[in-house]
Amino acid sequence: MAQKYRIYQLSVTPVTVFAHLLAIAITTLVLVWLLKFREGLAFSSSNKLKIFNLHPLFMVIGFILFGGEAIMVYKTAPARREVQKNVHLVLHLIALVAGILGIYAVFKFHHEMRISNLVSLHSWLGISTICLFGLQWVLAFFSFVFPGSNTGSRTSYLSWHVFLGMVVFLLAVCTAEMGITEKFIYEGLKRNQEALIVKFTGLLIFLFAVSVSLTILIPRGY
């Protein structure tokens, strides 16, 4: 198995460590951006931008980063397969809840600002991603965790589960990059400090997606 992937000339450990460091860096940049340059966070405020700011917070840190960590857990957690599976499931549940809260925040912001919903491709892809992610989680629960699941169907569904999981994850990353671009253009950011933070955030999210994808391709033993 490892021989098949020697073309990558990589061990999975440095790739996962790099991904974890990227997650820390992305979290730091997002928090600095929202707290220092975007006036903070709130579910309810007279400053409606604080409500909107919850959207990138939950979607990037909660949805994408936790989702990516859940994907990597089989290569990073030194535990039995059953424990890895449960951690994988819980991290993805956290990502799903965060994604729902992120969608709720932007809908609440639009409602209070009397702005139309679902008018951009970013919003269409975002709703599609959340729906597909939720469906993937439910199917995985009943296929791999539910006591009455059939072993034969579980085995046949596993490859599709991995493939669809990566499709949804990469769709989430593409949607986030579109959202960052929209915000960058809308705010008229160019070459100031905030612009650099936003651009580096988008770049690091891309590198995080690449790292997570590599952990799927490289066997744990190599």
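A few notes on this one:
- For the pair the stretch 27-55 / the stretch 172-206, the C-alpha centres are spaced 15 Å from each other.
- Once C-alpha pairs closer than 8 Å and six or more residues apart are averaged by separation and normalised to the residue number of the chain, the relative contact order reads 34 percent.
- Heavy-atom accessible area order for W33, W137, largest first, 1.4 Å probe: W137, W33
- Using the 1.4 Å probe convention, the accessible area of the stretch 148-204 works out to 61 Å² per residue with neighbouring protein chains retained.
- The stretch 12-217: C-alpha gyration tensor shape, a/c 1.5 cut-off, then a/b vs b/c: prolate
- Sorted largest first by accessible area at a 1.4 angstrom probe radius, with every protein chain in place, the residues R154, R191, R81 fall in the order R191, R81, R154.
- Membrane-span-like helices in the chain, defined purely by DSSP H runs whose alpha carbon atoms cover 27 Å or more axially and whose average Kyte-Doolittle hydropathy reaches 0.0, are 12-32, 81-113, 121-140, 151-186, 193-217.
- Of all lysines in the structure, the ones whose alpha carbon falls short of 18 Å from that of K183, not counting any fewer than 8 places away in one chain, are K36, K48, K50, K108, K199.
- Segments 57-63, 206-212 sorted - mean Cβ within 10 Å per residue, highest first: 57-63, 206-212
- Extension gain for L10-V167 works out to 54.2 nm (0.36 nm per residue, less the C-alpha to C-alpha distance).
- Net length available on complete extension from A77 to S45 is 7.5 nm, with 0.36 nm assigned per residue and the Cα-Cα distance removed.
- Taking 0.36 nm per residue of sequence separation and removing the Cα-Cα distance, the K199/F37 pair yields an extension gain of 56.9 nm.
- Which of T27, T16 is most accessible, then next, and so on - probe 1.4 Å: T27, T16
The values are calculated or read from the model by the stated rules, or taken from the named source; none is laboratory data. Note that the coordinates shown come from a computational prediction; the quantities given were computed from them, not determined experimentally. Because the Cβ atoms are built from the backbone with ideal geometry, glycine has one as well, and the counts that use them run over all protein chains shown. Accessible surface areas use protein heavy atoms only, side chains included; no ligands, DNA or RNA. Shrake-Rupley method; radii C 1.70, N 1.55, O 1.52, S 1.80 Å.
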